[in-house]
Amino acid sequence: MNRATLTLLSLLLICALSLVAAQQRARKLFVALERTQVEEYKLNQDWLRLEYEQRNLSKSARIRDVARNQLRMMPISPERTLYLKEAK
Amino acid sequence: MRPVGFSTTPNLVLRLPMWRSRLMLFLLFFVFTLLLIRAFWIQGPGNAFYEAKAVRGTQRELELPASRGKILDRNGMVIATSLEAKSVIAYNDTVPDDLSAEKVQKLASLLQMSEHDLRKKLKEERKQVFLKRQVDPELAQQIKKLEIPGIGLNNEYRRFYPEGEAMAHVVGFTNVEDRGQEGMELSREKDLAGHPGQRRVVVDRLGRVVEDVAIEQFPQNGKDLQLSIDSKIQYLAYNAVKSAVEQHHAKAGGAVVLDTQTGEILALANYPSYNPNDRRGLVGEQLRNRVLTDMFEPGSTIKPFTVSAALEKGVITPNTSMAIGASYLVGKKPITDTHPNGTLTIAQVIQKSSNIGAAKIAMNYLSPEEMWDMYTAVGFGQAPKIGFPGAVAGTLHPFKNWVPSDQARVAFGYGLSGSLFQVARAYTIFARDGELVPLTIERSPEFKTGTRVISAKTAIEMRQMLETVTLPGGTAVKAQADGYRVGGKTGTAHKLVGKAYGNRYLAYFAGIAPISAPRISVAVMIDEPTGGSYYGGDVAAPVFSAIVSETLRTLNVLPDSSVKQAVLDDAGPAEIHAASVSAQPVVLKR
């Protein structure tokens, strides 16, 4: 009788402690999740920004300017172009 | 004073009446009962209220941000995107009154406003004042570093348009609330707009989120929208129009490029334009999408449809000849040509753009109803259904109201009106062997079947006539494009000033290319060219030429003109190398 009570009591104690531990872990994980979500959002924003930057660098107006003025290129014309037909 | 012993105090001798203690006892009991009932109430039936109160203390509603969809061009290039920005808010009851002058100065310079204005904003009665909206995130960080109490940052989005003014009229723009105001941003607002979500969380004493309770509403990001516009073609069309407007000191200009196979709109260019990223000092003139919203009399660009109607009826052939003469009287005013012609064939009426010829074809071979049917079938008088705000229908009066002089003048493009877009669309019937193609501004690169307007035979005959316009002897030799055979029709229309035709002109060119297998339909308009020539063949045709050759090259269309060049069948690396070594550049001679 006495022994059974003691066992149950210790079981109860263990359960209670593990509940506390589990809750603690859940919160920690949640905080981590929260952080990664914020990170994800930030990275997403960064990606959008980089995409925009890339677009800005590759826009027709800039390419035209760089090609003509910096690289001294000129537009191709059909008489100097070699046309290939796809092999059948 | 005589001392009194404690046990002999007279108070003890006093006897109080019994009812007073009874009353006291009763009152105490009664109050305890009340307390008990209250305690029971709080624990039991009244519990919900307190529970809600407790929840309010520890739980918060947080907004889950949702972004507006991007707008992409046909190749997936971004033409409108939302980036994070911050709004700077002052909580005026928290901002200290004795804020140091140095900090105010720094903040003012970061916000690019005067110190006086900033101080005025900080003194406003309202609790919350927006100091500045849509601030760059880096600048926002600098403001945060100033650590001024009561100055906070809020998340916002700001819309960016990398293509700037070249694409402004197509894409439109949004306001500070990220809502569409013009162009596609407005017409597709429903799909583009994001819907922020909401979630409930548990926060600790310091306001940190410790637990998720529930997501009450999932955030919905706006859908991306992919247009049929090609940024490269759009840019080159815009540039061609812009330089023509500047060269001819014109008021405005516009160009439309359509893919006749898929019905996709490849470019819609307008000048003057504006920069959608910086809309300060914007005027209505700049905002107008002239290509779609401005109505004008199409002038000679309508002649091919008059001729098609007669060819289709079988009453004439391209070789039928007719006497033209110096003038032709229908109604009160005689119809004249720019250069007098003697006898012309039907094909030459198109090539030389004879007003008298077109009027005579109408009066001799066509009924008003047949003409009206033709113009209606190619889309005049109806607004194009492409989901663009403000697209006009133009006017085409009912044929029953036409008097003979109306009929004669409609034949060469006066007395009816339409947009440049309608003209470009109408020309698809010549490109598509007689079919009018349904148009779309969203990417859909599959072949579309159109509705038949004229027979393939008539369309092919018309194509040949349209090509002669650009050949020596035609009105638009300047429309010729490098490497490609083109066909089209010039137009020079007197502008209506009030009720009379003044000395102001509109110069057009509408056409298709390449003639051997038409792929695009292009229409160009230059409004009020001054200083020098105002003819469509001189002003608008060179723009057409520039747009066509570059567009076809961008679309990888094989040149069909007689330029000498090497075309390799079944080419392997060795053949390519051999050919590239031997192929001599040939200079195109006109």
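Quick notes
- Meets criteria (surrounded by 15 or more Cβ atoms within 10 Å (Cβ to Cβ), within 40 Å of the chain's Cα centre (by Cα) and of a type in the set (Val, Ile, Thr)) for residue B:88: yes
- The lone exception for residue A:33 - which of (1) more than 10 Å from chain B (Cβ to nearest Cβ); (2) more than 30 Å from residue B:73 (Cα to Cα); (3) not polar (S, T, N, Q) it fails: (1)
- Candidates B:399, B:388, B:412, B:421, filtered to the one that is more than 13 Å from residue B:297 (Cβ to Cβ) and more than 27 Å from the chain's Cα centre (by Cα): B:399
- Considering the conditions (1) farther than 29 Å from residue B:216 by Cβ; (2) in a helix (DSSP H, G or I), residue B:53 is excluded by exactly one of them, (1).
- If the condition is being closer than 17 Å to residue B:312 by Cβ and of a type in the set (A, V, I, L, M, F, W, C), then the stretch B:360-395 contributes B:361, B:362, B:366, B:371, B:372, B:374, B:377, B:378, B:380.
- Filter result for residue A:27 (in contact with an Asp or Glu (Cβ under 9 Å, 6 or more places away or on another chain) and either more than 10 Å from every other protein chain (Cβ to nearest Cβ) or within 30 Å of residue B:64 (Cβ to Cβ) (or both)): yes
- Whichever residue in the stretch A:44-75 is at the interface with chain B (Cβ under 7 Å from one of its Cβ atoms) and among the aliphatic types (A, V, I, L, M) and, among such residues, is farthest from residue B:483 (Cα to Cα): A:48
- Output for the stretch B:80-104, where each listed residue is in a loop (DSSP other than H, G, I, E, B) and of a type in the set (D, E, K, R): B:93, B:97, B:98
- Just one residue in the set B:7, B:82 is polar (S, T, N, Q) and at pLDDT 80 or above; that residue is B:82.
- Only one of the listed residues (B:134, B:128) is within 30 Å of residue A:42 (Cα to Cα) and surrounded by 13 or more Cβ atoms within 10 Å (Cβ to Cβ). That residue is B:134.
- Of residues in the stretch B:270-295 being small (Gly, Ala, Ser) and outside any helix (DSSP H, G or I), the one surrounded by the most Cβ atoms within 10 Å (Cβ to Cβ): B:273
- Flag for residue B:455 being in the same structural domain as residue B:537 (by TED's automatic domain parsing) and closer than 30 Å to residue B:224 by Cβ: no
- Residue A:61 meets each of the listed conditions (1) of a type in the set (A, V, I, L, M, F, W, C); (2) in contact with a Phe, Trp or Tyr (Cβ under 9 Å, 6 or more places away or on another chain); (3) not in a helix (DSSP H, G or I) apart from (3).
Yes/no matrix, rows are residues, columns are (1) in contact with a strand residue (DSSP E or B) (Cβ under 8 Å, 6 or more places away or on another chain); (2) in contact (Cβ under 8 Å) with a residue 24 or more places away in the chain; (3) surrounded by fewer than 14 Cβ atoms within 10 Å (Cβ to Cβ); (4) not aliphatic (A, V, I, L, M):
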| residue | (1), (2), (3), (4) |
| --- | --- |
| A:10 | no, no, yes, yes |
| A:16 | no, no, yes, no |
| A:30 | yes, no, no, yes |
| A:34 | yes, no, no, yes |
| A:53 | no, no, yes, yes |
| A:68 | no, no, yes, yes |
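- Check on residue B:177, in contact (Cβ under 8 Å) with a residue 12 or more places away in the chain, out of contact with any Ser or Thr (no Cβ under 9 Å at 6 or more places or on another chain), of a type in the set (Asp, Glu) and away from chain A (no Cβ under 13 Å): no
- Pairs are defined by a Cβ separation below 8 Å, a sequence spacing of at least 6 or placement on different chains, a first member in the stretch B:132-148 that is closer than 16 Å to residue B:277 by Cβ, and a second member that is exposed (fewer than 15 other Cβ atoms within 10 Å of the Cβ); the pairs so defined are B:133/B:176; B:134/B:176.
- Subset of the stretch B:225-253 [under 16 Å from the mean Cα position of the chain (by Cα) and β-branched (Val, Ile, Thr)]: B:229, B:233
- Condition check for residue B:176: crowded, with 22+ Cβ neighbours inside 10 Å, closer than 29 Å to residue A:58 by Cβ and under 27 Å from the mean Cα position of the chain (by Cα): no
The values are calculated or read from the model by the stated rules, or taken from the named source; none is laboratory data. These numbers come from a predicted model, not from an experiment. Heads up, the Cβs are rebuilt from the backbone with ideal geometry, glycines too, and the neighbour counts pull from every protein chain shown.
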